[in-house]
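In what follows, a single structure is set out as structure tokens and then discussed.
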Amino acid sequence: QKERENMKKVLFYKKSNLINSVGGVEKVLVSLSNALSDKGYQIHLATRDKKKGLPFFDVSKKVVFHRFEVKFSSLRRFFGKIGLAVIPYFNREKIISDMICSYINQNEIDTIVTAGVQDMADILYHKNLRQKKIVMLH
């Protein structure tokens with residue numbers, strides 16, 4: 001129990017094309033997640049992919065896989081597109097960032113690793129997080 005509490009917790013995040021995708025980035029994320037979980041890290045592999053399911057590559061049972069379900073009403077989508085993003089209710093980026101940051105805080109994540117700059121932007125939208133941040137570019 002105590003050992004599990006002291007584990008380093010890492011979030012690997014790719015906002016889309018992780019589920020059922022056979023690309024190189026997806027393979028690297030899953031392989032790295034599996035390898036670090038074998039080394040004793042608590043790994044969370046997450047996406048906000050619109051597709052439901054699992055990554056194409058086998059994810060270890062030690063890895064926590066999470067899919068953020070982002071739903072926006074027609075009203076939010078419409079007003080968000082015409083420039084009312086400054087109103088928090090219509091600010092899609094803020095809603096997504098708040099949702100992911102809530103997950104990060106609830107799971108006491110130590111390090112955030114993303115598959116690209118835009119993926120990190122999903123998380124850091126107007127936020128200053130204490131966690132270590134790593135952006136991979138492939």
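The table that follows gives values for the structure above.
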| read-out | value |
| --- | --- |
| Filter result for residue 66 (modelled with pLDDT of 90 or more, closer than 22 Å to residue 122 by Cα and open to solvent by 50 Å² or more (accessible area, probe 1.4 Å)) | yes |
| Qualifying residue in the range 49-59 (condition: at pLDDT below 90, surrounded by 12 or more Cβ atoms within 10 Å (Cβ to Cβ), assigned to a helix (DSSP H, G or I) and in contact with an Asp or Glu (Cβ under 9 Å, 6 or more places away or on another chain)) | no |
| Selection from the range 44-60 of residues that are touching a helix residue (DSSP H, G or I) at 6+ places or on another chain (Cβ under 9 Å) and basic (Lys, Arg) | 48 |
| Filtered residues of the range 27-48 (kept if out of contact with any strand residue (DSSP E or B) (no Cβ under 6 Å at 6 or more places or on another chain) and either surrounded by 15 or more Cβ atoms within 10 Å (Cβ to Cβ) or not polar (S, T, N, Q) (or both)) | 27, 28, 32, 34, 35, 38, 39, 40, 48 |
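The values are calculated or read from the model by the stated rules, or taken from the named source; none is laboratory data. All values reported here derive from a predicted model rather than from experimental measurement. So basically every Cβ, Gly included, is an ideal-geometry build from the backbone, and we count neighbours across all protein chains shown. All accessible areas refer to the heavy atoms of the entire protein, side chains included, with ligands and DNA or RNA removed. Shrake-Rupley method; radii C 1.70, N 1.55, O 1.52, S 1.80 Å.
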